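Okay, structure first, notes after.
The values are calculated or read from the model by the stated rules, or taken from the named source; none is laboratory data. A quick note: this is a predicted structure, and the numbers were derived from the prediction, not measured. Please note: Cβ atoms are built from the backbone with ideal geometry, for glycine as well, and neighbour counts cover all protein chains shown. For accessibility, only protein heavy atoms count, side chains too; no ligands or nucleic acids. Shrake-Rupley method; radii C 1.70, N 1.55, O 1.52, S 1.80 Å.
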Amino acid sequence: MTRIKRRRRTKISLFASSFRGAHSRLTRTITQQRIRALVSAHRDRDRKKRDFRRLWITRINAVIRGMGVSYSYSRLINNLYKKQLLLNRKILAQIAISNKNCLYMISNEIIK
């Protein structure tokens with residue numbers, strides 16, 4: 001019985017079928033690009049979490065600063081923790097975009 005040598009190559013080339021040029025044709029460059037793509041995917045999954053957190057903080061801060069001159073995002077979060085309100089940044093950002101009055105009401109209740 002003969003050995004089957006191409007099974008692994010076809011499996012790898014299916015992964016790289018959308019790559020351009022030699023990156024989708026040559027076995028050695030396919031494996032290099034595959035490793036590189038998987039490393040980038042792993043790194044960017046963590047990066048995406050950071051980017052969304054920054055976006056939420058920016059949105060909340062923009063709405064909060066519109067309320068008053070002396071009020072800021074950091075004071076809002078600090079007061080939330082003091083009052084033990086469990087609202088995360090994602091929910092606060094959605095409230096800030098959809099209904100600013102609701103965020104104003106929340107912050108006024110916290111200040112009291």
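The candidate values were (i) -0.25; (ii) -0.53; (iii) -0.75; the one computed from these coordinates for log10 I(q)/I(0) by the Debye sum over Cα atoms at q = 0.10 Å⁻¹ carries the label (ii). Subtracting the Cα-Cα distance of ILE35 and ARG53 from their residue separation scaled by 0.36 nm leaves 3.7 nm. Axis of helix 100-111 versus longest Cα principal axis of the chain: the two differ by about 60°, to the nearest ten degrees. Note on the chain: Lys pairs 8 or more places apart or on different chains, Cα atoms under 20 Å apart, count 7.
Given a 1.4 angstrom probe, what's the average accessible area per residue across the chain, in square angstrom? Working shown, then result.
Values: 9290 Å² over 112 residues.
Ligands and nucleic acids excluded, the result is 83 Å² per residue.
The label-point distance for ALA22 and GLN84, in a model that sets each label 7 Å from Cα toward Cβ, rounds to 6.4 nm.
Carbon-plus-sulfur accessible fraction, the chain (probe radius 1.4 Å, protein heavy atoms only): 53%.
Determine the relative contact order of the chain: mean sequence separation of Cα pairs under 8 Å and six or more apart, normalised by residue count, in whole percent.
17 percent
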